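For reference, the structure discussed in these notes is given below.
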Amino acid sequence: MQEFLVRRARTTDVPRIQALVAPLVQERILLGKESVVFYEAVQEFRVVEDADGTLIGCGALHVMWEDLGEVRTLAVTADRLGHGVGHALMDRLEADARELGLSRLFCLTFEVPFFARHGFTDMGSETVDPQVYTELVRSHDEGVAEFLDLARVKPNTLGNTRMVKRLD
């Protein structure tokens with residue numbers, strides 16, 4: 001098994017992140033994003049490089065509320081699936097979440113077994129405190145809309161599972 005390094009993403013990684021997620025966007029597993037969105041969020045991303053410096057994975061942690069973050073754009077190259085790359089990314093993103101003081105992580109995913117192995121459970125109809133909902137619903141962020149299960153995001157998220165994990 002080849003060694004790899006998880007590190008904070010840099011702006012120079014954005015084209016490589018886009019290339020990594022492109023096949024998943026084509027398969028409609030991930031939503032496509034414009035380059036500007038990746039650059040605006042680069043500080044949220046962690047990337048995984050193999051010993052040769054090839055980008056083999058990425059993932060982002062987006063803060064949604066004082067205690068809540070979303071795991072976004074988690075992707076691993078097809079040839080590295082099952083080799084611990086996704087697990088290493090999740091460990092790093094969870095460590096980042098704890099460092100930020102978050103106590104819950106959210107994801108919207110087709111990869112239910114992967115996230116379940118990492119302690120996520122189906123949210124079902126779970127929602128948030130009405131006062132927090134009133135604040136969150138003001139957000140223009142699509143991830144927040146997905147978390148709140150708003151009707152306007154339904155066409156883009158059909159078949160995905162809303163999952164949440166409580167951090168220790």
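The values are calculated or read from the model by the stated rules, or taken from the named source; none is laboratory data. All values derive from a computational prediction rather than experimental measurement. Note that each Cβ is placed from the backbone with ideal geometry, even for glycine, and that neighbours are counted across all protein chains shown. For the accessible areas, the whole protein counts, side chains as well, though only heavy atoms, and no ligand, DNA or RNA atoms are used. Shrake-Rupley method; radii C 1.70, N 1.55, O 1.52, S 1.80 Å.
Assorted remarks:
- Criterion applied to GLY59, GLY84 was being out of contact with any strand residue (DSSP E or B) (no Cβ under 6 Å at 6 or more places or on another chain) and either under 15 Å from THR109 (Cβ atoms) or modelled with pLDDT of 95 or more (or both), and the one residue passing it is GLY84.
- The sole residue among ALA88, ALA78 that is open to solvent by 20 Å² or more (accessible area, probe 1.4 Å) and touching a helix residue (DSSP H, G or I) at 6+ places or on another chain (Cβ under 8 Å) is ALA78.
- Residue match in the range 24-39 (condition: under 24 Å from LEU100 (Cα atoms) and touching a strand residue (DSSP E or B) at 6+ places or on another chain (Cβ under 9 Å)): yes
- In the range 40-56, the residues that are among the β-branched types (Val, Ile, Thr) and out of contact with any strand residue (DSSP E or B) (no Cβ under 6 Å at 6 or more places or on another chain): VAL42, THR54
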